[in-house]
Amino acid sequence: MYYLKRIAFLIPLLLIISFLAFMLVRIAPGGPFDKERAPASPEIERNLKAKYNLDKPLLEQYWIYLKNLMKGDFGPSLKYRNHSVNDIIAQGLPVSLTLGIMAFLLAQGFGIPLGFITAVKKGGVLDYGGSFIALLAICIPGFVVGPLLVLIFAIHFGMFPVGMWETPLHAVLPTLALGLYFGGKVARLMREGMLGTLNSEFITTARAKGLSETQVLVKHAFRIAVLPVVSYSGPLLADLLVGSFVVENIFRVPGIGVFLVNSSLNRDYTMVVGLVLLYAVMLLVLNLVVDFAYSVLDRRVKVG
Amino acid sequence: MMENLSPNQRAWRRFKQNRPAVISMSFLAALCLLVLIWPLFSKPALAKLLPVGMTHSPVELTDQPFAKPDMTYWMGTDVNGRDLLSRIMHGARISIMVGIVGALVSLIIGVLWGAIAGYLGGWWDGSMMRFVDILYALPSIVFVIVLITTLEELVKGWFTNAFGADFAQYSRMIFLFVGIGAVSWLTMARIVRGQVLSLKNRQFVDASRSLGAGPGRILFRHILPNVLGIIIVYITLTVPSVILYESFLSYLGLGIQPPFASWGSLIAEGAAQLNPVRINWWLIVFPAITLVSTLMALNFFGDGLRDAFDPRG
């Protein structure tokens, strides 16, 4: 019941977000036609604005946009005028989704075991080594890792191709560049959660009633310790799915992350609102899933 | 032997036993000191006593662009022939300041918001967290771009009137401080709220309520100290991520503007110079090493603090 209410709540929420995004890009000075190659005469600009309804009052523009949105039409891109926003999303999203899911799996597959081991072996060599690696991963900016990976593995060793998105080999370096950073974050959250849990009384109880150490760690501690990671997974996955500007830019991956940044710099109004809505839908749905998982894992949390 | 020590004294003792944390603290203190006194080195009176590599000014142009690191230019020179070491030391001021101020802004907003939502529960929790969801769902980069492009002119004009034209160039910096902090508090709020939610049904909270403690006292004296570990760990993740965010904005050309430089903008400049034909490695390696080692020191320091102050430890 609680979750039905949450799902029903998504629609007004998305309306508010679309309205905020719509108004936010309009507040910024400058317009989508400022960076045209040839400076347009005032008349041409007026015609362009009329064609895209930009000369109408803001609220009316929003209403028109909303009506088109109901039909599933995000409108034309104001920058790439031969394409609609739907086209661009349809082309870029599958690529960003693939890259994002692989990077997510890498981040969790690398972060959770690393955090678990460093917490269990606290103070040992494995802890220092593992924590150092996790820390290194979150301290190096993506635009340092990216070019370095290209220089070392693509140019020096020639192991992986770069610059296109065709074979699985093309995906290796971008996945690494994107996933390692988040893997480091996951590992730190996991270690912290695990250390906190291992100090709890119910762990002492579990040990006292004679459970094996493996059972205590895996069955009892892990369930609770993984909670911070679970609650971080929603935004993490949404971030990864909509793509990363830096990684897509460096590796020339034809995803949609590049468009999100460029369209807000170019004041491509329809594109910004379209991509923001896409991001919003993913995030809200994922957060719902995360909250559900949270209450399944931790029965102390009362829902509703 | 029994000693009467305050909890803080005991925490300090525990902290001093943590070797990596103490080394990191000394490193950070030394770095801050060096960064503060660095501009003095180019003063003629001191310059005579120091090796020539330490006496360059960050704006001094030479006829040697892309000089390799040598005895004159310890870290080489950049595209305009400016000494890289000196630029890094001056960039440090801005990077460190962005990190600290940004993290503080996000700490204050995030902890208050998350703790209040989690503690009040019910309708308040629902609407406050839905508000966070809404802000989460607007990608922060769109926010920051709009914030910087719209309000900057306004504030620049205001600064010029209030403090004179010289001060107006700092308006971008102040924007970065507040803007990045204002978009970084959301995760903190969610994490704190999740923790408060699972703590407030515990027995020690019931106990203090039955002793007559009010909501403020329960929240600040009993619940938040238990969340302190996660808050400190998260703030040590926030300072570096704020510095990284600034470097990302510099990479887009929206961060610190010339003639100022931050580590982020120096790395971005260096990354732009990376190509297989001519690898000017020092332009990216030295700023990156400075940034990464500072961020790692911050993290070790934060971990040390956490282990020392954690009431559960």
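The values are calculated or read from the model by the stated rules, or taken from the named source; none is laboratory data. Keep in mind it's a predicted model, so treat the numbers as computed, not measured. Note that we place each Cβ from the backbone using ideal geometry, even for glycine, and neighbour counts take in every protein chain shown. These area figures cover heavy atoms from the full protein model, side chains too; ligands, DNA and RNA do not enter into them. Shrake-Rupley method; radii C 1.70, N 1.55, O 1.52, S 1.80 Å.
Some notes on this structure:
- For region A:72-94, a residue qualifies if it is on the phi < 0 side of the Ramachandran plot and open to solvent by less than 20 Å² (accessible area, probe 1.4 Å), and the qualifying residues are A:SER77, A:LEU78, A:VAL85, A:ILE88, A:ILE89, A:GLY92.
Every residue, every condition in (1) within 30 Å of B:LEU84 (Cα to Cα); (2) within 8 Å of chain A (Cβ to nearest Cβ); (3) surrounded by fewer than 21 Cβ atoms within 10 Å (Cβ to Cβ), yes or no:
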residue: B:ILE191; (1), (2), (3): no, yes, no
residue: B:LEU224; (1), (2), (3): no, no, yes
residue: B:ALA272; (1), (2), (3): yes, no, yes
residue: B:ILE279; (1), (2), (3): yes, yes, yes
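- Odd one out for A:PHE153, checked against (1) over 23 Å from the mean Cα position of the chain (by Cα); (2) open to solvent by less than 10 Å² (accessible area, probe 1.4 Å): (2)
- Taking (1) assigned to a helix (DSSP H, G or I); (2) more than 11 Å from every other protein chain (Cβ to nearest Cβ); (3) free of Cβ contacts under 8 Å to residues at least 60 places away in the same chain; (4) of a type outside the set (A, V, I, L, M, F, W, C) in turn, A:TYR232 satisfies each apart from (2).
- All conditions in (1) part of a helix (DSSP H, G or I); (2) open to solvent by 30 Å² or more (accessible area, probe 1.4 Å) hold for A:LEU189, with the sole exception of (2).
- Candidate set from region B:248-269 (those that are in a helix (DSSP H, G or I) and touching a residue at least 60 places away in the same chain (Cβ under 8 Å)); member that is nearest to the other protein chains (Cβ to nearest Cβ): B:GLY264
- Residue in region A:184-203 that is of a type in the set (Ser, Thr, Tyr) and within 21 Å of B:ARG202 (Cβ to Cβ) present: yes
- Scanning region A:114-167 for residues that are under 20 Å from A:PHE251 (Cα atoms) and outside any helix (DSSP H, G or I) yields a total of 13.
- Any hit, region A:105-114, residues being over 25 Å from B:TRP263 (Cβ atoms), open to solvent by 60 Å² or more (accessible area, probe 1.4 Å) and aliphatic (A, V, I, L, M): yes
- Pair list, Cβ under 6 Å, 6 or more apart: region A:45-65 residue within 19 Å of A:ILE16 (Cβ to Cβ) and open to solvent by 80 Å² or more (accessible area, probe 1.4 Å), other residue part of a helix (DSSP H, G or I) and among the hydroxyl-bearing types (Ser, Thr, Tyr): none
- Tally, over region B:196-216, of residues that are under 16 Å from B:ALA117 (Cα atoms) and either in contact (Cβ under 8 Å) with a residue 24 or more places away in the chain or assigned to a helix (DSSP H, G or I) (or both): 7
- Flag if A:ARG223 is in a helix (DSSP H, G or I) and touching a Leu at 6+ places or on another chain (Cβ under 8 Å): yes
- Test: residue in region A:242-253 that is open to solvent by less than 10 Å² (accessible area, probe 1.4 Å), within 21 Å of A:TYR3 (Cα to Cα), modelled with pLDDT of 80 or more and part of a helix (DSSP H, G or I): no
- Residues in region B:103-132 that are in contact with a helix residue (DSSP H, G or I) (Cβ under 6 Å, 6 or more places away or on another chain) and open to solvent by less than 30 Å² (accessible area, probe 1.4 Å): 12 in all.
- Residues of region A:259-297 satisfying the condition of being assigned to a helix (DSSP H, G or I), more than 7 Å from chain B (Cβ to nearest Cβ) and under 17 Å from B:ILE145 (Cβ atoms): A:PHE259, A:ASN262, A:SER263, A:ASN266, A:TYR269, A:THR270, A:MET271, A:VAL273, A:GLY274, A:LEU275
- Of all residue pairs spaced 6 or more apart or on separate chains, those with beta-carbon atoms under 7 Å, a first member in region A:116-139 that is within 12 Å of another protein chain (Cβ to nearest Cβ) and open to solvent by less than 60 Å² (accessible area, probe 1.4 Å) and a second member that is outside any helix (DSSP H, G or I) and at pLDDT 85 or above are A:ASP127/A:LYS121.
- Checking B:SER127 against (1) away from every other protein chain (no Cβ under 14 Å); (2) of a type in the set (S, T, N, Q); (3) free of Cβ contacts under 8 Å to residues at least 12 places away in the same chain, the condition it does not meet: (1)
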